Amino acid sequence: MKKYLILVLLLTFSLPNFAKDGYELWLDYRPIENSIMRSEADRLFSGIFFFGKNPTYEAIQKELQLAAPKMTGKAPIFSNERLNQTQVWLGTREELAQVFGLQDQVTIRNLGEDGYWMGPVVFQGKTYFTIVGNRPVGVLYGVFEWLKSLQNGSFDLNKVKMESPKIQLRMLNHWDNLDRTVERGYAGFSIWDWHRLPGYIDPRYINYARANASIGINAVSLTNVNANARILTTDFMKKAKVLADIFRPYGIKVFLTARFSAPIEIGGLKTADPLDPEVIAFWKKKTDEMYQHIPDFGGYLVKANSEGQPGPHEYQRTHAEGANMLADALALHGGVLIWRAFVYSHEIDEDRHKQANLEFVPLDGKFRENVIIQVKNGAIDFQPREPFHPLFGAVKQTNLGVEFQITQEYLGQATQLVFLSPMWEEVLRSKTFRPTPTSTVAGIVDGSDSGQKLTLMAGVSNIGTDRNWTGHLFGQANWYAFGRLAWDPYLSSEQIAEEWTKLTFGQNPENLVKIKEIMLNSHEAAVNYMTPLGLHHIMGWDHHYGPGPWVTGGRADWTALYYHRADSLGIGFDRTFTGSKALEQYAPEIIQAWSDSKQIPEKYLLWFHHLPWDYTMKSGKTLWEEIGLHYDRGVKSARKMKRTWESLNGAIDPEQFSHVSQLLGIQVQEAEWWRNACLLYFQSISKKPFPSEIEQPEGDLEYYKSLRFPTAPGIRPRW
């Protein structure tokens, strides 16, 4: 037995020290490969001076203590005197006022609360590498940028860099339930251990805050938008306070989801009417109590009158009246009310695509200044590809924020590698033609086109208790990409992919080319083998795992047939003037171009047009043939992704390689499943032969229709 134990210990400690399980995310802090840069970093780490003391500076010091030994092999040295043996200065603009001239101070001040200035400063004949912010959190962001530049090899001691976020609220929305299940979560359970809070602080909370701060995320909504009123009770306020205290040094504010019926459920009232004096008093008292526990509480996020959630319509009140009542309670403390525009009803005989605009456009200008309407990137529901939501550009006097879904509810969940940045970039760069001919979604969201005072980008979190946080290692890239785009919505997906790849896998040029190729092609591949040419919402019912173009029964707008409308004559949803007229919610320039099936980008074709199976595409092939080619192309792209990844065997960490390799194997199988099931189903309607140039779909349609997935994650089990 003794010999066995010794052998186990020897094996344990002789394992390669580079094995990685993903827990450290992009903050792995690998050794600096360039010897000159490593020497420079070692010198800088040998003398760091803070121009003040506060919890954020303490967080910075801990980060440097973690990073420096990994990057250079030596611990950092912190100086008590700013001149003697000091190499790096860290502080706010006010703390370094005597160092900078008036013009430089103006430049830094104009960077705003979260901006930073980084570069060399000459003082009394000596040059100091200096990171300055208007607040300590700006210094924190600058330090993370400095460490990133050392990791990816771009650091230049003599170069000045100034940055500030273009969007004020850069928020993660957790759809986490109080029982620790996560709606549309595919990476384990909720990281919030409400049972052991407030007494026990899981170290993961701190690492979560570090990761978010490193990419500029400054707000988190802790709970599901399908809200539970208990989160607003005193007991849960005490628990949320602990998280807020942990996050505060990292510049992160806590938001909570407010259930509109809370006055009834936890307040003992008989109504939740937003104009009722007792209801108004309830929310004022509850909000006052919240700020007693969390002085910098961010505000409430509300889902109302959507998918069964309570709201003001039950009292014949408008969304504006409901939102303003809550906003008034928050305004006394400087808080923000975020009201989701995701509202639709099967009782309304209108295309679901139209319903948000029908609700909110007539209310333009009626919301309080501290209200933000949170709008999904598209009008349906986080589909693999959607045209941008028509609310962007349709209102002039209302703050609009954009909501993306980082968790892959409709994009393969955690078994598929789908880099989402290209999809988000496509939306952000879309021209709205309103309020100006050059306006884009990004310009509306960041206020540069819309002129709005409050700006927001929200992302539905993909984080859970899995050791690597996101279930799929490449899910981390989507978390990272969201933060980077929330900071600067004009960044390119290629730049973001390169940053994340270098931080995660190192700087080997050949590896970088291959991994970037996989990432940048992955979204188009998934669209092709799932929902090509504007098809949408044809996933399995409820769990949304796998194909389900045959799904029918119950609410029409929760069925696949409602969206693809395939019949013997053709396929697609007519949203032009001959159909639902949803296209008329866009600017005239878009209406004119997209009303014509020959002018509309083919990626949106079946979103807006119902066309014959024999319709001639730009390629000269029929619509039916082109659908088949897209599905086949998607499968072949997935196979190519796997082959490319397999060529990295031995070139990257074996644990990372094995993890992704296994999941890519599943992804190829699922791509084939999607292609086979969808083409067999659509052929049963079109009665057309499969194109000869594609790999012929295998299997039996009835077999695919019979598949059931009672253990699919992302929803509470019903078995």
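Taking interchain pairs and intrachain pairs at least six residues apart, which have beta carbon atoms under 7 angstrom, with the first residue in the stretch 521-532 and within 17 Å of residue 382 (Cβ to Cβ) and of a type outside the set (A, V, I, L, M) and the second open to solvent by 10 Å² or more (accessible area, probe 1.4 Å) and not in a helix (DSSP H, G or I)?
Hits for this filter: 531/385.
Say whether the condition of being at pLDDT 95 or above, closer than 27 Å to residue 662 by Cβ and open to solvent by 20 Å² or more (accessible area, probe 1.4 Å) is met by at least one residue in the stretch 451-459.
Keep residues of the stretch 451-459 that are at pLDDT 95 or above, which gives 451-452, 454-459.
The next check asks that each one be closer than 27 Å to residue 662 by Cβ; those that pass are 459.
From what is left, the residues that are open to solvent by 20 Å² or more (accessible area, probe 1.4 Å) are none.
There is no residue in the stretch 451-459 that is at pLDDT 95 or above, closer than 27 Å to residue 662 by Cβ and open to solvent by 20 Å² or more (accessible area, probe 1.4 Å).
Residues of the stretch 73-107 being in contact with a Phe, Trp or Tyr (Cβ under 8 Å, 6 or more places away or on another chain), within 15 Å of residue 139 (Cβ to Cβ) and acidic (Asp, Glu), which ones?
Once the filter is applied, which keeps residues that are in contact with a Phe, Trp or Tyr (Cβ under 8 Å, 6 or more places away or on another chain), within 15 Å of residue 139 (Cβ to Cβ) and acidic (Asp, Glu), the stretch 73-107 yields only 95.
Any residue that is assigned to a strand (DSSP E or B) and touching a Gly at 6+ places or on another chain (Cβ under 9 Å) - is there at least one of those in the stretch 345-354?
No; the residues of the stretch 345-354 include none that is assigned to a strand (DSSP E or B) and touching a Gly at 6+ places or on another chain (Cβ under 9 Å).
If a residue has to be touching a helix residue (DSSP H, G or I) at 6+ places or on another chain (Cβ under 7 Å), charged (D, E, K, R) and either closer than 26 Å to residue 433 by Cα or free of Cβ contacts under 8 Å to residues at least 40 places away in the same chain (or both) to count, how many in the stretch 567-613 make the cut?
Here the count works out to 4.
Which of the residues belonging to the stretch 17-48 are open to solvent by 30 Å² or more (accessible area, probe 1.4 Å) and among the aromatic types (Phe, Trp, Tyr)?
Residues of the stretch 17-48 that are open to solvent by 30 Å² or more (accessible area, probe 1.4 Å), as a first pass: 17-21, 23-24, 30-31, 33-36, 38-40, 42-43, 46.
Within the stretch 17-48, 18, 23 qualify.
Could you grab the pairs with beta carbons closer than 7 Å, sequence gap of 6+ or different chains, first residue in the stretch 358-386 and over 18 Å from residue 173 (Cβ atoms) and open to solvent by 10 Å² or more (accessible area, probe 1.4 Å), second one modelled with pLDDT of 95 or more and hydroxyl-bearing (Ser, Thr, Tyr)?
363/318; 364/398; 365/398; 367/398; 385/531
So for the stretch 646-657 (the condition being farther than 19 Å from residue 523 by Cβ, part of a helix (DSSP H, G or I) and without any contact (Cβ under 8 Å) to a residue 40 or more places away in the chain), does at least one residue qualify?
The answer is yes, given that some residue of the stretch 646-657 is farther than 19 Å from residue 523 by Cβ, part of a helix (DSSP H, G or I) and without any contact (Cβ under 8 Å) to a residue 40 or more places away in the chain.
Find all pairs meeting these conditions: Cβ atoms under 8 angstrom apart; at least six residues apart or on different chains; first residue within the stretch 73-100 and closer than 14 Å to residue 134 by Cα; second residue open to solvent by 70 Å² or more (accessible area, probe 1.4 Å) and part of a loop (DSSP other than H, G, I, E, B).
Sorted first by the residue in the stretch 73-100, then by its partner, the pairs are 92/135.
Against the definition (open to solvent by 50 Å² or more (accessible area, probe 1.4 Å) and over 29 Å from residue 501 (Cα atoms)), how does residue 642 come out, yes or no? Please lay out each step first, then the result.
Values: open to solvent by 50 Å² or more (accessible area, probe 1.4 Å): yes; over 29 Å from residue 501 (Cα atoms): no.
Considered against the rule, which asks whether it is open to solvent by 50 Å² or more (accessible area, probe 1.4 Å) and over 29 Å from residue 501 (Cα atoms), residue 642 comes out as no.
Scan the stretch 27-41 and report the pairs whose first residue is among the small types (Gly, Ala, Ser) and whose second residue is not in a helix (DSSP H, G or I), with Cβ atoms within less than 8 Å and a gap of 6+ or a chain change.
As it stands, the answer is 41/32; 41/155, since those pairs meet every condition given.
Find all pairs meeting these conditions: Cβ atoms under 8 angstrom apart; at least six residues apart or on different chains; first residue within the stretch 212-224 and at pLDDT 95 or above; second residue open to solvent by less than 10 Å² (accessible area, probe 1.4 Å) and of a type in the set (D, E, K, R).
Here the result reads 216/170; 217/170; 218/170; 219/170; 222/176; 223/176; 224/176, each pair linking the stretch 212-224 to a residue that is open to solvent by less than 10 Å² (accessible area, probe 1.4 Å) and of a type in the set (D, E, K, R).
From the list 432, 438, exactly one residue is of a type outside the set (D, E, K, R) and in contact (Cβ under 8 Å) with a residue 24 or more places away in the chain. Which is it? Even if it seems obvious, please write down each step before you answer.
Working: 438 fails: in contact (Cβ under 8 Å) with a residue 24 or more places away in the chain.
Matching residue, one of 432, 438: 432.
Could you please give the count of residues in the stretch 92-138 that are hydrophobic (A, V, I, L, M, F, W, C), at pLDDT 95 or above and either buried (at least 16 other Cβ atoms within 10 Å of the Cβ) or touching an Asp or Glu at 6+ places or on another chain (Cβ under 8 Å) (or both)?
10
Can we say residue 561 is open to solvent by 60 Å² or more (accessible area, probe 1.4 Å) and aliphatic (A, V, I, L, M)?
So residue 561 passes the test.
If residue 552 satisfies every condition in (1) closer than 24 Å to residue 186 by Cα; (2) in a loop (DSSP other than H, G, I, E, B); (3) among the β-branched types (Val, Ile, Thr) but one, which is the exception?
Residue 552 satisfies all of (1) closer than 24 Å to residue 186 by Cα; (2) in a loop (DSSP other than H, G, I, E, B); (3) among the β-branched types (Val, Ile, Thr) except (1).
Just for helices (runs of 4 or more DSSP H) wholly inside the stretch 421-520: which have at least 2 residues that are β-branched (Val, Ile, Thr) and within 30 Å of residue 397 (Cα to Cα)? First the steps, then the outcome.
Values: elements: 421-428, 441-445, 475-487, 493-505.
Result: 441-445.
Any residue in the stretch 236-248 that is without any contact (Cβ under 8 Å) to a residue 60 or more places away in the chain sitting within a Cβ distance under 8 Å of a residue that is surrounded by fewer than 17 Cβ atoms within 10 Å (Cβ to Cβ) and not in a helix (DSSP H, G or I)? List the pairs, counting only those 6 or more apart or interchain.
238/198; 239/198; 241/198; 242/198; 242/201; 244/296; 246/201
State which residue is surrounded by the fewest Cβ atoms within 10 Å (Cβ to Cβ) when the search covers only the stretch 270-307 and only residues that are basic (Lys, Arg) and touching a residue at least 40 places away in the same chain (Cβ under 8 Å).
284
Among the residues that make up the stretch 675-686, is at least one of them more than 27 Å from the chain's Cα centre (by Cα) and either at positive phi or acidic (Asp, Glu) (or both)?
The answer is no; no qualifying residue exists.
Test residue 524 against the stated conditions and say whether it is acidic (Asp, Glu), buried (at least 18 other Cβ atoms within 10 Å of the Cβ), at pLDDT 95 or above and assigned to a helix (DSSP H, G or I).
Yes, satisfied.
Among the candidates 358, 400, single out the residue that is modelled with pLDDT of 95 or more, farther than 30 Å from residue 667 by Cβ and either polar (S, T, N, Q) or over 19 Å from the mean Cα position of the chain (by Cα) (or both).
358
Quick test of your reading of the structure: residue 188 fulfils all but one of (1) farther than 21 Å from residue 27 by Cα; (2) small (Gly, Ala, Ser); (3) surrounded by 21 or more Cβ atoms within 10 Å (Cβ to Cβ). Name the failing condition by number.
Unmet condition: (3).
Please tell me if residue 171 is touching a residue at least 40 places away in the same chain (Cβ under 8 Å) and more than 25 Å from the chain's Cα centre (by Cα).
no
Going through the stretch 575-609 one residue at a time, which ones are within 15 Å of residue 386 (Cα to Cα) and open to solvent by 40 Å² or more (accessible area, probe 1.4 Å)?
Correct list: 601, 602, 603.
Name the one entry in 79, 46 that is of a type in the set (Ser, Thr, Tyr), out of contact with any Lys or Arg (no Cβ under 9 Å at 6 or more places or on another chain) and closer than 25 Å to residue 27 by Cβ.
79 is the lone residue from the list that is of a type in the set (Ser, Thr, Tyr), out of contact with any Lys or Arg (no Cβ under 9 Å at 6 or more places or on another chain) and closer than 25 Å to residue 27 by Cβ.
Here are some residues: 468, 462. Which one is modelled with pLDDT of 95 or more, under 12 Å from the mean Cα position of the chain (by Cα) and open to solvent by 10 Å² or more (accessible area, probe 1.4 Å)?
On the way: 468 fails: under 12 Å from the mean Cα position of the chain (by Cα).
Exactly one residue qualifies, and that residue is 462.
Go through (1) part of a loop (DSSP other than H, G, I, E, B); (2) more than 19 Å from residue 482 (Cα to Cα); (3) among the hydroxyl-bearing types (Ser, Thr, Tyr) for residue 128 and report which single condition fails.
Only one criterion is unmet by residue 128, namely (1).
The values are calculated or read from the model by the stated rules, or taken from the named source; none is laboratory data. All values reported here derive from a predicted model rather than from experimental measurement. Cβ coordinates were reconstructed from backbone atoms using ideal geometry, including for glycine residues, and neighbour counts include every protein chain displayed. Surface accessibility is based on the protein's heavy atoms, side chains included, excluding ligands, DNA and RNA. Shrake-Rupley method; radii C 1.70, N 1.55, O 1.52, S 1.80 Å.
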